[in-house]
Amino acid sequence: MASSSITQTEAKLSLQTIHQCANLISIKLSSNNYLLWRSQVLPLISNLGLNNHISDDSPPQTISSNGKSIANPDFSVWAHNDGLLLT
């Protein structure tokens, strides 16, 4: 499958959004219910557009602009959302 040349900017999530979404998951992960938990979590992550967080496909930390290396704003949003997903 060829990679797309369209770049989508990830929306910056809030802690409130994460907590509201977490309430949609009816079970807590345990050693006995992984498949059921996964069937609830993966569609939620997909609908939030956060699949790249579970596939370890982060944007580069820096980008080149006018011959200089600068902080990538997309990485800042990605890192913020990744931290929220770990809560």
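Restricted to region 1-10, and to residues that are open to solvent by 90 Å² or more (accessible area, probe 1.4 Å) and of a type in the set (S, T, N, Q), which residue is modelled with the lowest pLDDT?
Once the filter is applied, the top-ranked residue is Ser5.
I'm trying to understand the selection: among the residues of region 16-31, which are part of a helix (DSSP H, G or I) and open to solvent by 60 Å² or more (accessible area, probe 1.4 Å)?
Gln16, His19, Gln20
Counting only residues that are within 19 Å of Ile18 (Cα to Cα) and either open to solvent by 50 Å² or more (accessible area, probe 1.4 Å) or among the charged types (D, E, K, R) (or both), give me the helices (runs of 4 or more DSSP H) lying completely in region 32-87 with at least 3 of them.
Where helices (runs of 4 or more DSSP H) fall fully within region 32-87 and carry at least 3 residues being within 19 Å of Ile18 (Cα to Cα) and either open to solvent by 50 Å² or more (accessible area, probe 1.4 Å) or among the charged types (D, E, K, R) (or both), they are 34-47, 73-85.
Can you name the number of the only condition in (1) part of a loop (DSSP other than H, G, I, E, B); (2) open to solvent by less than 80 Å² (accessible area, probe 1.4 Å); (3) free of Cβ contacts under 8 Å to residues at least 12 places away in the same chain that Leu13 fails?
Among (1) part of a loop (DSSP other than H, G, I, E, B); (2) open to solvent by less than 80 Å² (accessible area, probe 1.4 Å); (3) free of Cβ contacts under 8 Å to residues at least 12 places away in the same chain, the lone unmet condition for Leu13 is (3).
Do any residues in region 51-79 that are within 16 Å of Thr9 (Cβ to Cβ) have Cβ atoms under 8 Å from those of residues that are part of a helix (DSSP H, G or I) and small (Gly, Ala, Ser), where the two are at least six apart or on different chains, and which pairs are they?
Listed pairs, sorted by first residue: Ser58/Ala79.
Being farther than 14 Å from Asn52 by Cα and within 20 Å of the chain's Cα centre (by Cα) is the filter here, so list the residues in region 64-75 that pass it.
Ala71, Asn72, Pro73
The values are calculated or read from the model by the stated rules, or taken from the named source; none is laboratory data. Because the structure is a prediction, the values reported are computed rather than measured. All Cβ positions, even for glycine, are placed from backbone atoms using ideal geometry, and neighbour counts span all protein chains on display. Please note that ligands, DNA and RNA were not included when accessible areas were found on the heavy atoms of the full protein model with its side chains. Shrake-Rupley method; radii C 1.70, N 1.55, O 1.52, S 1.80 Å.
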